[in-house]
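Student: This structure is in structure tokens; I'll ask about it shortly.
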Amino acid sequence: MPERQNNACSNGFLWNEFLAELDVKVIKSGLAYNVFSWKNLRGCSGDVFYRLYLPLSGRFRIVHPDGACLIEPGNLYLIPSVVPLKNEGVEPCTHYWIHFVSKQLQTIPILSYPFGIPLEEPDAVRGKFAAVFRAMKTCSTFAAAVKIKNTVTELLVPFLERLSGHLPETVAVSEFMKVVDYIDLQLNRNIEVAELSSIVGMSRADFSATFRKVFGMPPKQYISVRRLFHAKSLLMETSLPIKAIAAQCGYRDEFFFHRIFKKYNGISPAKYRKYSVY
């Protein structure tokens with residue numbers, strides 16, 4: 001019995017620490033009517049944002065490297081960032097969608113594929129999506145922004161419950177979030193793995209192994225992902241010239257940036273900025 005209590009306390013502590021750091025920044029929300037094709041989601045490296053989908057009618061399929069996930073009414077879906085995805089129409093689908101970013105969710109390595117959870121209270125969940133959709137149109141106060149964030153966090157609760165057995169060690173997450181913050185501040189230049197390992201006081205080999213365990217990819221690949229993430233954020237949220245965005249993200253050659261961006265996202269930076277992805 002004591003051992004079980006200790007485990008329960010430990011798990012509670014881990015999740016309490018995790019939730020204390022949980023950042024949810026809502027970018028966009030919407031209601032799509034009778035959508036059957038996604039011209040700008042024909043296969044890409046994954047977006048900067050996570051997505052919540054609430055299908056109301058019809059169905060579509062999200063294809064990812066390990067298989068496919070059918071999006072259909074009766075479930076709430078969480079779609080990860082980073083993962084290469086392709087949307088395929090099955091029948092015209094009407095659905096609510098919410099786009100948000102979160103560094104903390106990226107510390108759960110298993111959260112690397114789309115998955116759905118059956119709705120226990122469909123009307124309540126639909127009401128929350130509708131509330132976020134309305135609020136995003138007129139959000140002009142701090143109180144309104146907090147309400148949007150809290151509502152989206154509530155929608156994430158069943159997914160966090162499902163993932164509760166896969167939370168990385170709190171100490172590792174806490175230490176490595178310092179590394180993530182450092183990477184994000186240094187994206188405009190070349191970043192060496194050795195300088196990252198020094199932040200947490202580890203050898204390069206131990207750092208690389210632990211980093212891969214926490215984030216599911218080696219440091220250099222993660223840096224590349226963060227460069228593209230930052231580029232997508234700037235394309236969505238600013239009117240900066242693409243040349244300036246490329247420089248801020250560590251790409252000295254604008255044409256190379258165009259080529260890399262299109263290779264991993266399927267469309268050019270200019271088209272990514274123009275299209276509204278749902």
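Computed from the coordinates by the stated procedures, all read-outs in this text should not be read as laboratory data. Remember, predicted model here, so these are calculated numbers, not experimental data. Cβ sites come from the backbone with ideal geometry, for glycine too, and all protein chains shown count toward neighbours.
Student: Where does each of 116-127, 151-162, 192-203 land if you order them by average Cβ count within 10 Å, highest first?
Tutor: Working: 116-127: 13.0, 151-162: 16.3, 192-203: 14.5.
Listed from highest to lowest mean packing, they are 151-162, 192-203, 116-127.
Student: How large, in Å, is region 172-278 by the Kirkwood hydrodynamic radius built from its alpha-carbon pairs? Each step should come with its number before you reach the end.
Tutor: Values: mean 1/r = 0.0679 Å⁻¹.
Taking every pair of different Cα atoms in region 172-278, averaging 1/r and inverting gives 14.7 Å.
Student: All other residues with a Cβ under 14 Å from the Cβ of Val90 taken together, and with Lys, Arg as +1 and Asp, Glu as -1, what is their net charge? It would help to have the intermediate numbers written out before the result.
Tutor: Values: positive: Arg59, Arg61, Lys86; negative: Glu72, Glu88, Glu91.
Every neighbour counted, the sum reads 0.
Student: Starting from 0.36 nm per residue, how many nanometres of slack lie between Thr138 and Arg204 once their C-alpha separation is accounted for? Working shown, then result.
Tutor: Numbers: separation 66, 0.36 × 66 = 23.76 nm, distance 4.84 nm.
Result for the pair: 18.9 nm of gain on full extension.
Student: Here's another thing I want to ask about it. Apply the Karplus curve 6.51 cos²θ - 1.76 cosθ + 1.60, θ = phi - 60°, to the phi angles in region 72-81 and return the couplings in whole Hz, x for Gly and Pro.
Tutor: Once θ is set to phi - 60°, the couplings for region 72-81 become 8, x, x, 9, 10, 10, 10, 10, x, 8 Hz.
Student: From a point 7 Å beyond the Cα of Glu161 in the direction of its Cβ, which residues of region 119-153 have a backbone N at a distance under 12 Å?
Tutor: Residues 119-121 fall inside that zone.
Student: Testing the spin-label approximation: label points 7 Å from Cα along Cα→Cβ at Ala131 and Ser224. State their distance in nm.
Tutor: 4.2 nm
Student: I need the calculated FRET efficiency for the pair Lys274 and Ala20, taking r as the beta carbon distance and R₀ as 41 Å, to the nearest 0.05. Don't skip to the answer; put the middle values down first.
Tutor: Values: r = 38 Å, r/R0 = 0.93.
Computed FRET efficiency for Lys274 and Ala20: 0.60.
Student: Okay, next question. Could you list which residues have their amide H under 5 Å from that of Ser57, counting only those 5 or more apart in sequence or on another chain, with H placed in the peptide plane?
Tutor: Amide H to amide H, under 5 Å and 5 or more residues apart or across chains, Ser57 pairs with Thr94.
Student: Quick one: Karplus J couplings for region 206-213, per residue in order, coefficients 6.51, -1.76, 1.60, θ = phi - 60°, nearest Hz, x for Gly and Pro?
Tutor: Each residue of region 206-213 in turn: 5, 4, 4, 5, 5, 4, 4, 5 Hz.
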